[in-house]
1. Over segment 66-191, what is the relative contact order in whole percent, taking alpha-carbon pairs under 8 Å and six or more residues apart?
2. Over segment 112-239, with the other protein chains present, what is the accessible area per residue in square angstrom, probe 1.4 angstrom?
3. In the chain, what is the count of Lys pairs whose alpha carbons are under 17 Å apart, counting only pairs at least 8 residues apart or on separate chains?
4. Which one of Thr516, Ala471, Trp406 has its Cα pushed farthest toward the positive end of the charge dipole of segment 395-535, where Lys and Arg give +1 and Asp and Glu give -1 at the Cβ?
5. In square angstrom, rounded to the nearest 10, how much accessible surface does Arg397 have for a 1.4 Å probe?
6. Express the accessible area of segment 337-495 per residue in Å², computed with a 1.4 Å probe while the remaining protein chains stay in the model.
7. Run lengths n ≥ 4 of DSSP H only: what is the helix-derived mean residue ellipticity at 222 nm for the chain, with -39500 (n - 2.57) per run over all residues, to the nearest 500?
8. Quick check: pseudo-label points 7 Å beyond the Cα along Cα→Cβ at Ala316 and Ser257, how many nm apart are they?
Amino acid sequence: MFPLILTILGFAASALGISVTTSTASYTIDSGSSDGFVVAVSRSTCDITSILYRGTQYQYQSTASHIASGLGSATVSYTTVGTRVVVKCVANNDSFDLTHYYIFEDGTSLIYMGTYTVSEPTVGELRFIYRLTNLPVAYKEGSVSDISGGTAIEASDVYTVSGQTRSKFYSSERFIDDDVYCAVASDSSVHACYVTNVLSREKSSGGPFFRDINLNLVDSYQSATFYMNSGHVQTESYRMGFHGPYVMSFSRSGIPSSSGIDTSFFADLGLTGYVGPSGRGVVKGTASGVSTSLPIVVHWYNSNYQNWVKASSSGAFTSPPLVAGTYTMALYQNEFLAATATVAVAAAATATKSISATNAIITSSHTTVFKIGDYDGTPTGFLNADKQLRMHPSDTRMSSWSPGTWTVGSSSASSFPMALFKAVNTPQTIKFSLSSAITTAATFRIATTLSFAGGRPQVTANSYVCAAPAAPTKIDSRGVTRGAYRGYGEVYDCVIPAGNLVAGTNTLSIAVISGTGGDAYLSPNIIIDAVELFY
C-alpha cells in the first residue's frame, strides 16, 4: 500500500519526509532533504515559481521556469508513488499538445523531468528553461555565454562584452558529450546542474553531434536550458513522444555525474509514452575500417528514436537500450560518416551486428599529392577552429581569416582557414610543386561540414576552371557565427583533366560562390573538413 499523503489548503501531512502543500496558486513540494529543498509549481500554468535550497531562493522571481516561454495554461495535478511525488501537467491549447512531468524523490534535492509531446509546439522548438538567481558561473565553458551589460552585434543573440564576443550559443556541447552542465555560485558553494543519461535525448533530433544552447547569464539571472529540439542548424525532422528523463540537481559542492543519478524508477510511474526495459533491446558488434587514431562512434536512428555510443579503441560496442524496432546503424570516423547498415532490435533481446566502413573517401586507394586536415567531419586543426565554438569570427582574439597563400611543404594545417567566407577571405590559394606533370586526370576534393546561404566552393586549377557545383541543401540557420560547424557535410570533387597540372609550380584557387549576398561573416560561407589533391 503506498503511503498516503493528505493535503488541504495550506496544510500537508505525510508519513514520509517528502510533503506537498496545496494552495490556490501552487503545489509546494518539500522533498524532506536535509539541505532543505522546497519547490513551488503553479497549478494553472505548470511554471516553477520558487526554488528554495538551504533557505536561499534560486528561482528568478520576475520570470518563471518552464517549457518554452511558458505553457500559458495547463491542467496540473499530483500523485504519490512510493517515496516520490509526481506532478503532471497536461497542456492542450493553441500552442501546445503535451504532458510534462516533475518528479520529486524523498530526501533528495533533485527535480526529475520528462516531456511527452503529441505535436511540435507552435513556437517551433522544444526546451525546458530554468531561470536561476545567485548562480552566475557557468560550467563547463565559463563566461562565453555571459552577456550581462553587453551590446548586440548580430541579431539579438551575439554580443560584445568588455571587448569579447559572447553568445548563449557558445555554451553548447555535442549531445554525445553533454551529460552534465551547471549554473554555479560565485564561491562554488551551490551547483544547479542538468544531468542527463543515455535515454535523455533518444527523442531529440540531429544525432550524436548536434549541439544547442546550455547556459546564458543575462544580468539578473542565469538561464539553464535543456533543448529537446530546435531549428538551430536543424538537419533532421523532429521526433514526438517521451523526451527524457532529464534532471535538475541542486548540490553543495562538486559536479554530479550521470552515473550517480538513477532514473530506472521511471518505468514504474505510468508516465505517458515512457518505454521501460521490457520494451528495449541492445545491439552488440564491432566497428572496423575507420582510423583508430580518431574516435569511433556508432549511431542508431529511425523516425521515432535515436541513440549512440562511442566504440572502444578496438571497435567493440554495445548500444544503449533501444526501443524495439528497425534502425539505420551509422558508423562515424569521429564525425565523418563511414558506413550505414540496417538492424532490427527486439524487446528483451541482444542483436549482433557489426559494421565496416564503406565510404569510398575512406576506403579507396589512390595517390595523394597533398592533403590538408583529416576526414573526421570537423574543422579541427584548421586556423581558428580552436576558437570558433566559443566566439564570433570577428572577435579580436581570432587570428586573421586571410593568412595568404597556403604552400604545400611549408605551411601547416593550422594556417589554413577553417571557414571560407565569400566576402572575407576568398579566393583562398594553394601553391604546390610537381617534379613532373600529372599525366592522368586528378581530383581536387573539398570536404565541408556546413554551408551557409548557399555557399559552395568553385575551384580554378592553374588556368582550368572547374564547373560550378549545385547549391547545397539549405539549412535555414546561421552557423559559424553562432559556434556551429556541423550540417550535411557536402563533399565537392573537381576533376582536373590531364595536362593541367604541370611540372614546377601549380596554383589551386578556391572561391565561394552563391546566388545569395551578405556582408562579412554573414556572407555565403563553407566550413572545411579536409582538402585533398589525388589521382
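The values are calculated or read from the model by the stated rules, or taken from the named source; none is laboratory data. Just so it is clear, the structure is predicted and the values come from calculations on it, not from any experiment. Methodologically, a virtual Cβ is constructed for each residue, glycine included, from the backbone with ideal geometry; neighbour enumeration extends over all protein chains shown. Heads up: the accessible areas ignore ligands, DNA and RNA and are worked out on the full protein's heavy atoms, side chains in. Shrake-Rupley method; radii C 1.70, N 1.55, O 1.52, S 1.80 Å.
1. 18 percent
2. Dividing the accessible area of segment 112-239 by its residue count gives 30 Å².
3. Lysine pair count for the chain: 8.
4. Comparing the listed Cα positions along the dipole, Thr516 ranks first.
5. Roll a 1.4 Å probe over it and Arg397 shows about 100 Å².
6. 43 Å²
7. 0 deg cm²/dmol
8. 2.1 nm
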